[in-house]
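The next block holds one structure in the form of structure tokens; read it before the comments.
The values are calculated or read from the model by the stated rules, or taken from the named source; none is laboratory data. Bear in mind that the values here come from a model prediction, so they are computed numbers and not experimental data. Quick reminder, even Gly has a Cβ in these numbers, built from the backbone with ideal geometry, and neighbours come from all protein chains shown. Quick note on the areas: whole protein, heavy atoms, side chains included, nothing else; ligands and nucleic acids left out. Shrake-Rupley method; radii C 1.70, N 1.55, O 1.52, S 1.80 Å.
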Amino acid sequence: MLPNLRKLARDNSVRRFLQNGALFFSTKQASMARESPHGHKVQALFDLCRQTFTPSGTPPLSSHSVQKLCSLLDTFGPADVGLSKDALEDDRGHGFFGLNQLVRVPRWAQPITYVDIHECESFTMCIFCFPSSAVIPLHDHPGMTVFSKVLYGSLHVKAYDWVEPARILNKSGPVRLAKLAVDNVLTAPCATSVLYPKTSGNLHCFTAITPCAVLDILSPPYNEDAGRRCTYYRDYPYFTFANKDEKSDEEENYAWLAETSTPADLYMWPGIYNGPAIQI
Ligand SMILES: [Fe+2]
């Protein structure tokens, strides 16, 4: 989802940290995965993703495939991916995944924790864990399908789709018209949300109403070389740039989006996956 974070995770020191963490947990959790129904559930999700997704994202997913994935994801709660009950009350965004000394941050900093469960050519499976009020700013998922399951807590989702054909104005830089697709608070337990390459809110912004966590599956993954770069946007109300004589009752359903650089205050750290090991 967030290339800067991936860059951070690929940095040697952090990679070593993540690998050590994964190694530690994989040894311990491999046996748990055989014994625990939770292990089977994460494994089942992984297996289904592997059967379903392709590196190119084509052909588009059938409604049957989407339904199957949603049905399985709908059954997921925090314990299934290794989040303990005590940890749900931790509002620091990182407490239950743990941080090593390299990435320890002050209490006030309120980072979002990003946990990679698995990444391959065809899909990314990961968890975002938010403290209250944390925000992932408006960003896109070019050519991608994303499944999001809120595991606990409440999350406000605001999402847009581009208006087609593209309507672009030049207002000290280009702005492009988008239509509001989602403006909802998701509170667990709730159904899985799905966004598609061109519909159902491909550009979205997350704001944590309470501490919360989201299990995400993205396919195909972000990949700049394949033209799937994550771009951030700022949204302007429709009336900001529209002609007065164009005013309509529907203007609140539209916004102009301007590309921005990666927000400097996007504060995110990698955490350790503490759930059942996946047999690849
Ligand atoms: Fe996203």
Candidates P211, P221 - the one that is farther than 20 Å from M125 by Cβ and touching a residue at least 60 places away in the same chain (Cβ under 8 Å):
P211
Looking at (1) buried (at least 17 other Cβ atoms within 10 Å of the Cβ); (2) closer than 28 Å to A226 by Cβ; (3) modelled with pLDDT of 95 or more, which is the only condition R50 fails?
(1)
Members of segment 136-154 found to be within 12 Å of the ligand (Cβ to nearest atom) and either in a strand (DSSP E or B) or open to solvent by less than 20 Å² (accessible area, probe 1.4 Å) (or both), listed by number:
I136, P137, L138, H139, D140, H141, M144, T145, V146, F147, S148
Checking I272 against (1) in a loop (DSSP other than H, G, I, E, B); (2) surrounded by 15 or more Cβ atoms within 10 Å (Cβ to Cβ); (3) within 16 Å of the ligand (Cβ to nearest atom): exactly one of these is not met. Which one?
(3)
Among the residues in segment 115-135, are any among the β-branched types (V, I, T), open to solvent by 10 Å² or more (accessible area, probe 1.4 Å) and more than 25 Å from F239 (Cβ to Cβ)?
yes
Is it the case that C205 is of a type in the set (A, V, I, L, M, F, W, C), in contact with a Lys or Arg (Cβ under 6 Å, 6 or more places away or on another chain) and modelled with pLDDT of 95 or more?
yes
